[in-house]
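The structure under discussion appears below in the form of structure tokens.
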């Protein structure tokens, strides 16, 4: 039996069209060690390589047995680096082997899951009943890839590119796999985010998946190197690789993303619409506070790109600030490898922050403004001192440049963070069992019901606890921050005629009095390590302005009575982006 | 001739799921006839087989063997199938052709030589090429359905077939429209309509479709050639649909096959069935996207006389409307519409909520100047109530009936060829 807790797996850093000196770019990543079944099939992922277009099941990946208790990486290149022919043969063999594709996609899904679990400090469930996510690496001949909640699956298509005359497999694109996995994970953390609601919520899934995809790729040093150098050799001085300072300003980094990695980022995938240019578009959108209100950015897939642009520019600003803190060589050069490390580190840190923010987001009717406050609050809890690199200020500035500001109500005007819970004196704790409050929904419901008046809950709605989740994070001081995150929802069914009397709002023009309306309230209660309420982040059921805005938007866009499509929701969204 | 018409009669023909309206503008001493659309994808259940021929003959008789104009709002079969000709020259389209319309009006996207125009902006050439490719995509979807529909349940296959067939190219109708009449006009938002001389006393505003440049002013730049997207879909469909029924598409990894279709191991069957279903639904998503793009090429006309406004928007949906509704002057102009030809057979998205809410002449039955709505549709053909996709939408029908004088072909008595709706001008 091995004593290792992790195993290494070789993956493509980006996709097969991205090369350095003509060679594919691989990275070895660390994943939890597990006793894999052929597929691979592990405790969270089940790869089934069925191709519906060819009506064929491809042979699965078989894990290599450990050697002397040491886990083996089946696809690590072990030939001489100097033998270009051998290397090329190895690469071609991998690309032609569906088992490598299966391992590649498994590894990236597991890596993305690992990023979420690290950030949230707990196991993260998928958004459906069951523990294993199905993954079909070659599901059909189509230039699309999507998460299907109904099928508990990620389905990846493949297609023949007219540009390159080659077959393109979406399962080999690191950012596409990370993007789809994020949909599945976000669905598990916040099930309510796929319910028709606000324009921002409709856009958030796609925007957030873009953010995770981009940052998880950039957290790999080789991806950062590609972005900066385009794979070209750099100046050497005393065996230290150097890069001119002019190439690592904020503007220069954005440009090199467009021209470097952005250009090579799977050319056929971008041009033929699969990836929808998320990297390029995010870097190209010039900050403008008026964009959110413009007609163009009403559509969810366009609106999500604004969110991604705000985060990407924050990343670039953070990276630049870390570079500036380094010393220069001579007057004008930086150590390239330190610059790369700074970029990868900034990406990793920002990704962790972005994921942690989810625990501080309301469970329904999300707005970008609320997400920003969640982001700032989550980070300030873990790292109260932000003076070294100013992460939170740079995030605030970047989001503000796109017109996204913290909400006016419920936040601190200086920091933008959620205000702490201020009514603790009125809360009754002694009727509950502290231990059960850490995990038991019934226990927490009893607590919330007993304290409904102190919490200011409107008891007309049907209240239920959606989740009670632990969260353990380690701050920069090495100490653990332990919280319990409780998510609750209230549902209230009325008719159009009752809108005024019950929620104080006029029903939208043209809405019949007999129109059925479901109003939602909900919130997050964060308990500290002592079981005391730290935050109560709520969307009140009787919040007339929010209910009216939501109702008007859903009525105007014809979504009020629309049934959710658990299979095709993300497939259709991706198609809309591809056609834009 | 007197300078203004005194009456408009709309002959709303019973074409089932489709549109066919003959507009008669009556002047003191003469009349003018405009035919707006003539097509169907599903006649009413009690219609006879030669319904479309009967309608063509009726149009010929009513207009005294002379049409002033034909408007084909867009090239969906349910708007143009009636213009198809027959080899023996006795088709419904042949009859219309013989009426020698002085002008035939279509959206700018129908201009056949646009793709070959070397000086046209790339985007335009790409867009019109995309329309042709979309037809090829539709043909391949129908071919896929006819050859094998494994994994598709009947309901899904029906939906695919319905939308797919509506988007088939109908070359005969397209060619007939492009070659009939004295003059061809291809119009866009803000352009002359071509009816200026034919309808004295009537201002015909062209509110849609917008050109690509007009669209780009509200959506910034278009990032890719639209034809590339449809070409990609077409290649995939052609590969899929052309594969032999028994052998399916050639596997991506022929040397790595563990099992074929009917002999899958237990642990793969659950997902395999679901991927097959998802595949069918992917097709549906694709043809719906295609259908929507085609609807959004629709001509939108607003006829304005001294006292009345009559709106004919074809099947335009919100994307088509957006450019027009972005302008305050046009929003104001639409507020006091007197007659509204309900868009897209009564689907919800074709009547923009913002426009409907602002119609000032909605009202109660006793209101003297209550507006009139005209709808050509057939129930039970498109969508389902369960999924809130039924066409016509029940909620919209209720609003139309409650707030306008609604005339709908789906309520015409059996055997009726058309309803006459008289509008004093």
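The values are calculated or read from the model by the stated rules, or taken from the named source; none is laboratory data. Given the structure is predicted, the values throughout are model-derived calculations rather than measurements. Here Cβ is always computed from backbone atoms with ideal geometry, including for glycine, and neighbour counts include all displayed protein chains.
Laid out as a table, the results:
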read-out: Any hit, region A:517-540, residues being under 30 Å from residue A:412 (Cα atoms) and free of Cβ contacts under 8 Å to residues at least 24 places away in the same chain; value: yes
read-out: Residue ID - surrounded by the most Cβ atoms within 10 Å (Cβ to Cβ), chosen from residues in region A:41-64 that are more than 7 Å from chain B (Cβ to nearest Cβ) and at pLDDT below 95; value: A:63
read-out: Residue within region A:88-97 that is in contact with a strand residue (DSSP E or B) (Cβ under 6 Å, 6 or more places away or on another chain) and either within 14 Å of another protein chain (Cβ to nearest Cβ) or closer than 24 Å to residue A:38 by Cβ (or both) present; value: yes
read-out: Residue A:348 within 17 Å of the chain's Cα centre (by Cα), closer than 28 Å to residue A:324 by Cα, surrounded by fewer than 21 Cβ atoms within 10 Å (Cβ to Cβ) and in contact (Cβ under 8 Å) with a residue 60 or more places away in the chain; value: yes
read-out: Residue within region A:551-563 that is within 30 Å of residue A:142 (Cβ to Cβ), surrounded by fewer than 21 Cβ atoms within 10 Å (Cβ to Cβ), modelled with pLDDT under 95 and within 23 Å of the chain's Cα centre (by Cα) present; value: no
read-out: Enumerated helices (runs of 4 or more DSSP H) restricted to region A:294-382, each holding at least 1 residues that are within 14 Å of chain B (Cβ to nearest Cβ), closer than 26 Å to residue A:224 by Cα and in contact with a strand residue (DSSP E or B) (Cβ under 7 Å, 6 or more places away or on another chain); value: none
read-out: Helices (runs of 4 or more DSSP H) (entirely within region B:5-97) containing at least 3 residues that are over 23 Å from residue B:315 (Cα atoms) and free of Cβ contacts under 8 Å to residues at least 40 places away in the same chain; value: B:51-62
read-out: Residues of region A:526-550 satisfying the condition of being in contact with a strand residue (DSSP E or B) (Cβ under 7 Å, 6 or more places away or on another chain) and surrounded by fewer than 17 Cβ atoms within 10 Å (Cβ to Cβ); value: A:528, A:529, A:540
read-out: Selection count where residues are in contact with a strand residue (DSSP E or B) (Cβ under 9 Å, 6 or more places away or on another chain), crowded, with 21+ Cβ neighbours inside 10 Å and part of a helix (DSSP H, G or I), scope region A:210-234; value: 4
read-out: Residue ranges of strands (runs of 3 or more DSSP E) in region B:203-313 with at least 1 members at pLDDT 75 or above, at the interface with chain A (Cβ under 9 Å from one of its Cβ atoms) and crowded, with 17+ Cβ neighbours inside 10 Å; value: B:257-260
read-out: Condition met for residue A:526 (at pLDDT 90 or above and either part of a loop (DSSP other than H, G, I, E, B) or more than 14 Å from chain B (Cβ to nearest Cβ) (or both)); value: yes
read-out: Conditions (1) over 30 Å from residue A:553 (Cβ atoms); (2) within 14 Å of chain B (Cβ to nearest Cβ); number of the one not met by residue A:510; value: (1)
read-out: Residue satisfying condition, being surrounded by fewer than 24 Cβ atoms within 10 Å (Cβ to Cβ) and on the phi < 0 side of the Ramachandran plot, within set A:121, A:114; value: A:114
read-out: Hits in region A:548-580 - residues which are under 17 Å from residue B:280 (Cβ atoms) and at the interface with chain B (Cβ under 8 Å from one of its Cβ atoms); value: A:567, A:568, A:571, A:572, A:575
read-out: Residues of region A:495-507 satisfying the condition of being farther than 20 Å from residue B:348 by Cβ, part of a helix (DSSP H, G or I) and either within 12 Å of chain B (Cβ to nearest Cβ) or touching a residue at least 24 places away in the same chain (Cβ under 8 Å) (or both); value: A:499, A:502, A:503
read-out: Of all residues making up region B:324-359, the number that are surrounded by fewer than 18 Cβ atoms within 10 Å (Cβ to Cβ), more than 12 Å from chain A (Cβ to nearest Cβ) and either out of contact with any strand residue (DSSP E or B) (no Cβ under 8 Å at 6 or more places or on another chain) or in contact (Cβ under 8 Å) with a residue 40 or more places away in the chain (or both); value: 6
read-out: Criterion (surrounded by fewer than 18 Cβ atoms within 10 Å (Cβ to Cβ) and modelled with pLDDT under 95) met by exactly one of B:156, B:145, B:160, B:152; value: B:156
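Yes/no per residue for (1) out of contact with any helix residue (DSSP H, G or I) (no Cβ under 7 Å at 6 or more places or on another chain); (2) under 17 Å from residue B:415 (Cβ atoms):
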| residue | (1), (2) |
| --- | --- |
| B:32 | yes, no |
| B:42 | yes, no |
| B:48 | yes, yes |
| B:53 | no, yes |
| B:56 | no, no |
